[in-house]
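Remarks on the structure that follows.
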Amino acid sequence: MPLFAALIWCVSAVSAVAIDVKAAVLRIDYPTLLPISRYDLKPDDLGFAGAVLGDEDNGTTGSFLGHTYETAHLAVPPEQADDAMDQLLAEGVRLFVVLADAPDVLRLTDKAAEAGALVFNASAPEVDLRDANCRRNLLHIAPSRAMNTDAVAQFAVWKKWGDWFLLAGSNPDDVKLADAYRRSATKFGAKISEDRTFEDTGGSRRTDSGHVLVQRQLPIDTQGARDHDVVIAADESDYFGRYLSYHLWTPRPVMGSGGLRPVTFHGAHEAWGATQYQTRFEELTGRYVRPEDYNVWLALRVIGEAVTRANTSDPDGVHDYAVSDEFELAAFKGQKVTFREWNGQLRQPILLYDGSITVSVSPQDGFLHQSSPLDTMGLDRAESKCTAFD
(Lines give C-alpha, C1' and ligand atoms only; values in the text may rest on other atoms or scores of the structure.)
Protein backbone atom coordinates (compact mmCIF):
# COMPACT_ATOMS: atom_id res chain seq x y z
CA MET A 1 0.00 0.00 0.00
CA PRO A 2 1.43 3.46 -0.90
CA LEU A 3 2.60 5.44 2.14
CA PHE A 4 0.02 8.24 1.69
CA ALA A 5 -2.87 5.77 1.40
CA ALA A 6 -1.63 3.90 4.47
CA LEU A 7 -1.50 7.14 6.46
CA ILE A 8 -5.06 8.01 5.39
CA TRP A 9 -6.27 4.55 6.44
CA CYS A 10 -4.56 4.81 9.81
CA VAL A 11 -6.00 8.27 10.47
CA SER A 12 -9.48 7.05 9.49
CA ALA A 13 -9.17 4.01 11.72
CA VAL A 14 -8.00 6.06 14.68
CA SER A 15 -10.79 8.63 14.23
CA ALA A 16 -13.51 5.96 13.91
CA VAL A 17 -15.77 5.55 16.89
CA ALA A 18 -15.96 2.09 18.48
CA ILE A 19 -19.45 0.76 17.79
CA ASP A 20 -21.13 -2.41 19.00
CA VAL A 21 -23.80 -3.29 16.46
CA LYS A 22 -26.71 -5.36 17.80
CA ALA A 23 -29.17 -6.73 15.26
CA ALA A 24 -31.66 -9.58 15.10
CA VAL A 25 -33.14 -11.88 12.49
CA LEU A 26 -36.75 -12.70 13.36
CA ARG A 27 -38.23 -15.56 11.32
CA ILE A 28 -41.88 -16.54 11.60
CA ASP A 29 -42.48 -20.19 10.79
CA TYR A 30 -45.98 -20.79 9.40
CA PRO A 31 -47.71 -24.16 9.12
CA THR A 32 -47.41 -25.22 5.48
CA LEU A 33 -47.74 -28.25 3.29
CA LEU A 34 -44.60 -30.07 2.24
CA PRO A 35 -43.13 -28.73 -1.02
CA ILE A 36 -43.46 -30.68 -4.25
CA SER A 37 -39.75 -31.53 -4.23
CA ARG A 38 -37.64 -32.71 -1.30
CA TYR A 39 -34.95 -30.38 -2.63
CA ASP A 40 -37.15 -27.51 -1.48
CA LEU A 41 -37.48 -28.61 2.15
CA LYS A 42 -36.54 -25.64 4.32
CA PRO A 43 -33.40 -26.08 6.43
CA ASP A 44 -33.60 -25.25 10.12
CA ASP A 45 -31.06 -22.45 9.71
CA LEU A 46 -32.84 -20.81 6.76
CA GLY A 47 -31.98 -17.11 6.81
CA PHE A 48 -29.89 -17.49 9.97
CA ALA A 49 -26.98 -18.93 7.99
CA GLY A 50 -26.93 -15.80 5.86
CA ALA A 51 -26.82 -13.73 9.05
CA VAL A 52 -23.75 -15.60 10.31
CA LEU A 53 -21.95 -14.98 7.02
CA GLY A 54 -23.04 -11.34 7.07
CA ASP A 55 -21.59 -10.84 10.54
CA GLU A 56 -18.34 -12.44 9.40
CA ASP A 57 -18.11 -10.13 6.39
CA ASN A 58 -18.97 -7.04 8.42
CA GLY A 59 -16.46 -8.06 11.08
CA THR A 60 -13.63 -8.22 8.55
CA THR A 61 -13.75 -4.46 8.06
CA GLY A 62 -15.11 -3.77 11.51
CA SER A 63 -12.07 -5.25 13.23
CA PHE A 64 -9.93 -2.42 11.82
CA LEU A 65 -12.38 0.25 12.94
CA GLY A 66 -13.37 -0.96 16.39
CA HIS A 67 -16.81 -2.13 15.22
CA THR A 68 -18.29 -5.39 16.48
CA TYR A 69 -21.35 -7.18 15.10
CA GLU A 70 -23.68 -9.46 17.04
CA THR A 71 -26.90 -10.74 15.46
CA ALA A 72 -29.51 -12.71 17.37
CA HIS A 73 -31.52 -15.41 15.57
CA LEU A 74 -35.08 -16.21 16.60
CA ALA A 75 -37.65 -18.47 14.91
CA VAL A 76 -41.19 -18.44 16.29
CA PRO A 77 -44.72 -19.45 15.27
CA PRO A 78 -47.05 -16.58 14.26
CA GLU A 79 -48.76 -16.33 17.64
CA GLN A 80 -45.43 -15.66 19.37
CA ALA A 81 -44.12 -13.03 16.94
CA ASP A 82 -45.12 -9.96 18.95
CA ASP A 83 -43.68 -11.32 22.18
CA ALA A 84 -40.45 -12.15 20.35
CA MET A 85 -40.20 -8.59 19.02
CA ASP A 86 -40.90 -7.20 22.49
CA GLN A 87 -38.19 -9.41 23.96
CA LEU A 88 -35.60 -8.28 21.42
CA LEU A 89 -36.53 -4.62 21.87
CA ALA A 90 -36.15 -5.03 25.63
CA GLU A 91 -32.65 -6.39 25.01
CA GLY A 92 -31.74 -3.21 23.17
CA VAL A 93 -31.99 -4.43 19.57
CA ARG A 94 -33.00 -1.66 17.16
CA LEU A 95 -32.02 -3.22 13.82
CA PHE A 96 -34.22 -6.09 12.62
CA VAL A 97 -34.29 -8.40 9.61
CA VAL A 98 -37.73 -10.02 9.35
CA LEU A 99 -38.70 -13.14 7.42
CA ALA A 100 -42.50 -13.15 7.55
CA ASP A 101 -45.70 -12.69 5.58
CA ALA A 102 -46.83 -9.17 4.78
CA PRO A 103 -49.45 -8.66 7.55
CA ASP A 104 -46.92 -9.69 10.20
CA VAL A 105 -44.17 -7.60 8.63
CA LEU A 106 -46.41 -4.54 8.72
CA ARG A 107 -47.55 -5.07 12.31
CA LEU A 108 -44.03 -5.75 13.59
CA THR A 109 -42.71 -2.74 11.70
CA ASP A 110 -45.24 -0.50 13.41
CA LYS A 111 -44.26 -2.00 16.79
CA ALA A 112 -40.61 -1.38 15.98
CA ALA A 113 -41.34 2.22 15.00
CA GLU A 114 -42.64 2.94 18.49
CA ALA A 115 -39.19 2.06 19.82
CA GLY A 116 -37.31 3.90 17.06
CA ALA A 117 -36.18 0.64 15.40
CA LEU A 118 -35.48 -0.09 11.73
CA VAL A 119 -36.79 -3.19 9.92
CA PHE A 120 -35.51 -4.92 6.79
CA ASN A 121 -38.05 -7.03 4.92
CA ALA A 122 -36.27 -10.14 3.66
CA SER A 123 -39.17 -12.15 2.26
CA ALA A 124 -42.59 -10.49 1.81
CA PRO A 125 -43.23 -9.67 -1.88
CA GLU A 126 -46.44 -7.63 -1.54
CA VAL A 127 -46.37 -4.50 -3.68
CA ASP A 128 -48.65 -2.77 -1.16
CA LEU A 129 -45.80 -2.70 1.39
CA ARG A 130 -43.86 -0.57 -1.10
CA ASP A 131 -46.88 1.50 -2.06
CA ALA A 132 -49.82 2.82 -0.03
CA ASN A 133 -48.84 0.82 3.07
CA CYS A 134 -45.14 1.74 3.05
CA ARG A 135 -43.41 2.71 6.28
CA ARG A 136 -40.39 4.96 6.73
CA ASN A 137 -38.70 2.48 9.07
CA LEU A 138 -39.18 -0.43 6.63
CA LEU A 139 -36.59 -1.13 3.93
CA HIS A 140 -37.12 -3.95 1.45
CA ILE A 141 -34.34 -6.35 0.54
CA ALA A 142 -36.73 -8.88 -0.99
CA PRO A 143 -37.96 -7.88 -4.44
CA SER A 144 -41.65 -7.21 -4.88
CA ARG A 145 -43.91 -9.46 -6.94
CA ALA A 146 -43.91 -6.72 -9.57
CA MET A 147 -40.11 -6.77 -9.78
CA ASN A 148 -40.11 -10.55 -10.24
CA THR A 149 -42.88 -10.60 -12.84
CA ASP A 150 -41.29 -7.69 -14.71
CA ALA A 151 -38.00 -9.62 -14.77
CA VAL A 152 -39.73 -12.60 -16.36
CA ALA A 153 -41.72 -10.43 -18.75
CA GLN A 154 -38.63 -8.61 -19.98
CA PHE A 155 -36.91 -11.87 -20.86
CA ALA A 156 -40.01 -13.21 -22.64
CA VAL A 157 -40.34 -10.00 -24.65
CA TRP A 158 -36.59 -9.92 -25.40
CA LYS A 159 -36.95 -13.48 -26.76
CA LYS A 160 -39.92 -12.26 -28.83
CA TRP A 161 -42.27 -14.60 -26.98
CA GLY A 162 -45.05 -12.06 -26.96
CA ASP A 163 -48.11 -14.34 -26.77
CA TRP A 164 -48.62 -15.83 -23.32
CA PHE A 165 -50.68 -18.63 -21.86
CA LEU A 166 -51.14 -17.52 -18.23
CA LEU A 167 -52.01 -20.45 -15.95
CA ALA A 168 -52.71 -19.35 -12.38
CA GLY A 169 -53.46 -21.19 -9.17
CA SER A 170 -56.63 -20.53 -7.23
CA ASN A 171 -55.14 -19.60 -3.84
CA PRO A 172 -55.01 -15.92 -2.77
CA ASP A 173 -51.26 -15.50 -3.29
CA ASP A 174 -51.54 -17.18 -6.71
CA VAL A 175 -54.23 -14.66 -7.66
CA LYS A 176 -51.97 -11.77 -6.61
CA LEU A 177 -49.11 -13.20 -8.64
CA ALA A 178 -51.34 -13.65 -11.69
CA ASP A 179 -52.46 -10.03 -11.41
CA ALA A 180 -48.81 -8.97 -11.30
CA TYR A 181 -48.11 -10.91 -14.50
CA ARG A 182 -51.09 -9.26 -16.20
CA ARG A 183 -49.70 -5.85 -15.29
CA SER A 184 -46.25 -6.85 -16.53
CA ALA A 185 -47.69 -8.03 -19.83
CA THR A 186 -49.41 -4.68 -20.31
CA LYS A 187 -46.30 -2.77 -19.23
CA PHE A 188 -43.99 -4.43 -21.75
CA GLY A 189 -46.41 -5.03 -24.62
CA ALA A 190 -47.02 -8.77 -24.33
CA LYS A 191 -50.43 -10.30 -25.00
CA ILE A 192 -52.11 -12.88 -22.80
CA SER A 193 -53.69 -15.12 -25.42
CA GLU A 194 -55.07 -17.58 -22.90
CA ASP A 195 -55.84 -16.93 -19.21
CA ARG A 196 -56.85 -19.93 -17.08
CA THR A 197 -57.10 -20.97 -13.44
CA PHE A 198 -55.81 -24.29 -12.11
CA GLU A 199 -57.94 -25.19 -9.10
CA ASP A 200 -56.24 -26.34 -5.92
CA THR A 201 -58.43 -29.22 -4.77
CA GLY A 202 -56.40 -29.82 -1.62
CA GLY A 203 -54.65 -32.96 -0.45
CA SER A 204 -51.02 -33.98 -0.45
CA ARG A 205 -48.75 -32.90 -3.27
CA ARG A 206 -46.25 -35.66 -2.51
CA THR A 207 -47.96 -39.04 -2.79
CA ASP A 208 -46.96 -42.21 -4.56
CA SER A 209 -49.54 -41.53 -7.25
CA GLY A 210 -49.09 -37.75 -7.41
CA HIS A 211 -47.10 -37.65 -10.64
CA VAL A 212 -49.49 -40.10 -12.29
CA LEU A 213 -52.48 -37.89 -11.53
CA VAL A 214 -50.65 -34.79 -12.74
CA GLN A 215 -49.51 -36.57 -15.88
CA ARG A 216 -53.13 -37.26 -16.75
CA GLN A 217 -54.67 -34.02 -15.50
CA LEU A 218 -52.37 -31.25 -16.74
CA PRO A 219 -52.51 -32.08 -20.47
CA ILE A 220 -56.31 -32.09 -20.28
CA ASP A 221 -56.36 -28.78 -18.38
CA THR A 222 -54.06 -27.12 -20.91
CA GLN A 223 -55.50 -28.41 -24.17
CA GLY A 224 -57.39 -26.20 -26.59
CA ALA A 225 -55.47 -23.04 -25.68
CA ARG A 226 -55.14 -20.27 -28.24
CA ASP A 227 -51.78 -20.03 -29.99
CA HIS A 228 -49.05 -18.95 -27.56
CA ASP A 229 -45.26 -18.73 -27.39
CA VAL A 230 -44.74 -19.40 -23.68
CA VAL A 231 -46.62 -20.61 -20.62
CA ILE A 232 -46.45 -18.29 -17.61
CA ALA A 233 -47.18 -20.10 -14.34
CA ALA A 234 -48.54 -18.13 -11.36
CA ASP A 235 -48.29 -20.72 -8.60
CA GLU A 236 -46.96 -19.11 -5.44
CA SER A 237 -48.54 -21.96 -3.44
CA ASP A 238 -46.23 -24.52 -5.09
CA TYR A 239 -49.10 -26.73 -6.21
CA PHE A 240 -48.62 -27.41 -9.93
CA GLY A 241 -46.04 -25.09 -11.51
CA ARG A 242 -43.05 -27.43 -11.22
CA TYR A 243 -44.91 -30.12 -13.19
CA LEU A 244 -45.78 -27.99 -16.21
CA SER A 245 -42.66 -28.28 -18.37
CA TYR A 246 -43.26 -31.90 -19.39
CA HIS A 247 -47.01 -32.16 -19.00
CA LEU A 248 -48.45 -29.51 -21.32
CA TRP A 249 -50.84 -30.40 -24.12
CA THR A 250 -48.88 -28.16 -26.48
CA PRO A 251 -45.13 -28.18 -25.67
CA ARG A 252 -43.90 -24.67 -24.90
CA PRO A 253 -41.28 -23.05 -22.65
CA VAL A 254 -42.50 -22.48 -19.08
CA MET A 255 -41.60 -19.43 -17.01
CA GLY A 256 -42.65 -17.97 -13.69
CA SER A 257 -43.37 -20.47 -10.90
CA GLY A 258 -42.04 -23.36 -12.97
CA GLY A 259 -39.39 -23.79 -15.63
CA LEU A 260 -37.47 -20.51 -15.61
CA ARG A 261 -37.99 -18.77 -12.26
CA PRO A 262 -37.02 -15.31 -10.94
CA VAL A 263 -34.83 -15.44 -7.80
CA THR A 264 -32.56 -13.09 -5.91
CA PHE A 265 -29.84 -15.75 -5.67
CA HIS A 266 -29.23 -19.49 -5.94
CA GLY A 267 -26.53 -22.01 -5.17
CA ALA A 268 -25.21 -22.44 -8.72
CA HIS A 269 -24.68 -18.74 -9.48
CA GLU A 270 -20.96 -18.13 -10.13
CA ALA A 271 -20.68 -14.89 -12.11
CA TRP A 272 -19.25 -11.61 -10.81
CA GLY A 273 -17.21 -13.20 -8.05
CA ALA A 274 -20.12 -15.16 -6.57
CA THR A 275 -18.08 -18.38 -6.42
CA GLN A 276 -16.18 -17.17 -3.37
CA TYR A 277 -19.48 -16.30 -1.67
CA GLN A 278 -20.86 -19.74 -2.47
CA THR A 279 -17.73 -21.49 -1.22
CA ARG A 280 -17.73 -19.64 2.09
CA PHE A 281 -21.45 -20.25 2.60
CA GLU A 282 -21.12 -23.97 1.87
CA GLU A 283 -18.13 -24.33 4.20
CA LEU A 284 -20.15 -22.63 6.91
CA THR A 285 -23.40 -24.59 6.48
CA GLY A 286 -22.76 -27.76 4.49
CA ARG A 287 -25.58 -26.84 2.09
CA TYR A 288 -26.35 -24.55 -0.85
CA VAL A 289 -27.55 -21.01 -0.34
CA ARG A 290 -31.27 -20.16 -0.57
CA PRO A 291 -32.71 -16.77 -1.57
CA GLU A 292 -33.73 -16.15 2.06
CA ASP A 293 -30.13 -16.66 3.20
CA TYR A 294 -28.88 -14.22 0.60
CA ASN A 295 -31.54 -11.64 1.46
CA VAL A 296 -30.62 -11.74 5.15
CA TRP A 297 -26.91 -11.56 4.32
CA LEU A 298 -27.57 -8.56 2.09
CA ALA A 299 -29.61 -6.80 4.79
CA LEU A 300 -26.77 -7.17 7.30
CA ARG A 301 -24.26 -5.98 4.71
CA VAL A 302 -26.40 -2.87 4.23
CA ILE A 303 -26.15 -2.29 7.97
CA GLY A 304 -22.41 -2.95 7.91
CA GLU A 305 -21.87 -0.55 5.03
CA ALA A 306 -23.80 2.18 6.84
CA VAL A 307 -21.84 1.61 10.06
CA THR A 308 -18.54 1.69 8.18
CA ARG A 309 -19.24 4.70 5.97
CA ALA A 310 -21.51 6.81 8.18
CA ASN A 311 -19.96 5.69 11.48
CA THR A 312 -23.31 5.02 13.14
CA SER A 313 -25.53 2.11 14.13
CA ASP A 314 -28.41 4.40 15.07
CA PRO A 315 -31.50 3.22 13.15
CA ASP A 316 -32.19 6.67 11.72
CA GLY A 317 -28.56 7.03 10.70
CA VAL A 318 -28.52 3.63 9.00
CA HIS A 319 -31.80 4.42 7.25
CA ASP A 320 -30.71 7.86 6.05
CA TYR A 321 -27.38 6.62 4.73
CA ALA A 322 -28.99 3.62 2.99
CA VAL A 323 -31.45 5.73 1.01
CA SER A 324 -28.90 8.46 0.25
CA ASP A 325 -26.99 8.99 -2.99
CA GLU A 326 -23.79 7.95 -1.20
CA PHE A 327 -24.92 4.36 -0.60
CA GLU A 328 -24.01 1.53 -2.93
CA LEU A 329 -23.10 -2.08 -2.27
CA ALA A 330 -21.55 -4.89 -4.30
CA ALA A 331 -23.86 -7.91 -4.35
CA PHE A 332 -22.34 -10.45 -6.82
CA LYS A 333 -24.80 -9.44 -9.53
CA GLY A 334 -22.68 -7.41 -11.90
CA GLN A 335 -23.58 -3.96 -10.62
CA LYS A 336 -23.92 -2.10 -7.34
CA VAL A 337 -27.28 -2.22 -5.59
CA THR A 338 -28.97 0.90 -4.19
CA PHE A 339 -32.28 1.83 -2.56
CA ARG A 340 -35.19 3.64 -4.13
CA GLU A 341 -35.39 6.73 -2.01
CA TRP A 342 -39.15 7.09 -2.56
CA ASN A 343 -40.25 3.75 -1.04
CA GLY A 344 -37.25 1.95 0.47
CA GLN A 345 -37.03 -0.86 -2.11
CA LEU A 346 -33.58 -2.20 -2.92
CA ARG A 347 -32.79 -1.96 -6.61
CA GLN A 348 -31.17 -5.18 -7.73
CA PRO A 349 -30.86 -7.45 -10.77
CA ILE A 350 -33.11 -10.52 -10.77
CA LEU A 351 -31.61 -13.89 -11.71
CA LEU A 352 -33.63 -16.17 -14.00
CA TYR A 353 -32.92 -19.70 -12.79
CA ASP A 354 -33.91 -23.03 -14.35
CA GLY A 355 -33.02 -25.18 -11.34
CA SER A 356 -29.47 -25.72 -12.57
CA ILE A 357 -27.93 -22.50 -13.93
CA THR A 358 -28.49 -18.78 -14.25
CA VAL A 359 -30.05 -18.63 -17.72
CA SER A 360 -30.30 -14.83 -17.83
CA VAL A 361 -30.38 -11.75 -15.63
CA SER A 362 -32.94 -8.95 -15.77
CA PRO A 363 -33.15 -6.07 -16.54
CA GLN A 364 -32.60 -7.16 -20.12
CA ASP A 365 -30.66 -5.20 -22.72
CA GLY A 366 -32.73 -2.54 -24.41
CA PHE A 367 -35.08 -1.81 -21.51
CA LEU A 368 -34.20 1.76 -20.67
CA HIS A 369 -35.03 4.14 -17.84
CA GLN A 370 -34.14 7.78 -17.22
CA SER A 371 -32.63 6.99 -13.81
CA SER A 372 -31.52 3.34 -13.81
CA PRO A 373 -32.37 0.25 -15.89
CA LEU A 374 -33.08 -1.44 -12.54
CA ASP A 375 -36.07 0.88 -12.18
CA THR A 376 -37.73 -0.79 -15.17
CA MET A 377 -38.67 -3.57 -12.73
CA GLY A 378 -41.33 -2.94 -10.11
CA LEU A 379 -43.05 0.27 -9.04
CA ASP A 380 -41.50 3.37 -10.52
CA ARG A 381 -41.53 6.70 -8.69
CA ALA A 382 -44.46 8.07 -10.69
CA GLU A 383 -46.57 4.98 -9.91
CA SER A 384 -45.85 4.88 -6.19
CA LYS A 385 -48.39 6.07 -3.62
CA CYS A 386 -45.77 5.91 -0.86
CA THR A 387 -45.41 9.22 1.00
CA ALA A 388 -43.55 8.04 4.12
CA PHE A 389 -40.17 8.88 2.55
CA ASP A 390 -41.10 12.42 1.47
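The values are calculated or read from the model by the stated rules, or taken from the named source; none is laboratory data. Fair warning: this is a prediction, and the values are worked out from it, not measured in the lab. Note that we place each Cβ from the backbone using ideal geometry, even for glycine, and neighbour counts take in every protein chain shown. In case anyone asks, the SASA skips ligands and DNA or RNA and just uses the protein heavy atoms, side chains included. Shrake-Rupley method; radii C 1.70, N 1.55, O 1.52, S 1.80 Å.
Results for (1) in a strand (DSSP E or B); (2) surrounded by fewer than 18 Cβ atoms within 10 Å (Cβ to Cβ), shown as yes or no for each residue.
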| position | (1), (2) |
| --- | --- |
| Trp342 | no, no |
| Leu346 | yes, no |
| Leu351 | yes, no |
| Gly355 | no, yes |
| Gly366 | no, yes |
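Given the conditions (1) open to solvent by less than 70 Å² (accessible area, probe 1.4 Å); (2) without any contact (Cβ under 8 Å) to a residue 24 or more places away in the chain; (3) closer than 18 Å to Gly54 by Cα, report the number of the one that Pro373 does not fulfil.
Status for Pro373: all satisfied but (3).
Please work out which one of (1) under 19 Å from the mean Cα position of the chain (by Cα); (2) within 17 Å of Gly47 (Cα to Cα) is the condition Gly334 fails and give its number.
Exception for Gly334: condition (2).
From the set of residues in region 199-226 that are charged (D, E, K, R) and surrounded by 10 or more Cβ atoms within 10 Å (Cβ to Cβ), which is modelled with the lowest pLDDT?
Arg206
Within region 37-54, how many residues are surrounded by fewer than 20 Cβ atoms within 10 Å (Cβ to Cβ) and not aliphatic (A, V, I, L, M)?
Within region 37-54, residues that are surrounded by fewer than 20 Cβ atoms within 10 Å (Cβ to Cβ) and not aliphatic (A, V, I, L, M) number 8.
Give, as residue ranges, the helices (runs of 4 or more DSSP H) completely inside region 46-132 that count at least 2 residues that are β-branched (Val, Ile, Thr) and without any contact (Cβ under 8 Å) to a residue 60 or more places away in the chain.
102-114
Out of the residues in region 55-83 meeting the condition of being touching a helix residue (DSSP H, G or I) at 6+ places or on another chain (Cβ under 7 Å) and among the hydrophobic types (A, V, I, L, M, F, W, C), tell me which one is surrounded by the fewest Cβ atoms within 10 Å (Cβ to Cβ).
Phe64
Suppose we filter region 376-386 for residues that are farther than 26 Å from His269 by Cα, of a type outside the set (A, V, I, L, M), in a loop (DSSP other than H, G, I, E, B) and in contact (Cβ under 8 Å) with a residue 24 or more places away in the chain; how many remain?
Final tally of qualifying residues: 3.
Being open to solvent by 10 Å² or more (accessible area, probe 1.4 Å) and aliphatic (A, V, I, L, M) is the filter; apply it to region 113-156 and report the residue that is farthest from the chain's Cα centre (by Cα).
Selected residue: Ala115.
Just checking, does region 304-320 include any residue being small (Gly, Ala, Ser), in a loop (DSSP other than H, G, I, E, B) and open to solvent by 20 Å² or more (accessible area, probe 1.4 Å)?
Yes, because at least one residue in region 304-320 is small (Gly, Ala, Ser), in a loop (DSSP other than H, G, I, E, B) and open to solvent by 20 Å² or more (accessible area, probe 1.4 Å).
Just to be sure I understand the filter: pairs with C-beta atoms under 7 Å, separated by 6 or more residues or on different chains, first member in region 266-288 and farther than 18 Å from Pro43 by Cα and open to solvent by 60 Å² or more (accessible area, probe 1.4 Å), second member of a type outside the set (S, T, N, Q) and not in a helix (DSSP H, G or I). Which pairs pass?
Close Cβ pairs (under 7 Å, with a partner that is of a type outside the set (S, T, N, Q) and not in a helix (DSSP H, G or I)) amount to Trp272/Phe332; Trp272/Lys333; Trp272/Gly334.
Could you tell me which of the residues Val318, Val323, Val337, Val359 is in contact with a Gly (Cβ under 8 Å, 6 or more places away or on another chain) and in contact (Cβ under 8 Å) with a residue 12 or more places away in the chain?
Of Val318, Val323, Val337, Val359, the one residue that is in contact with a Gly (Cβ under 8 Å, 6 or more places away or on another chain) and in contact (Cβ under 8 Å) with a residue 12 or more places away in the chain is Val323.
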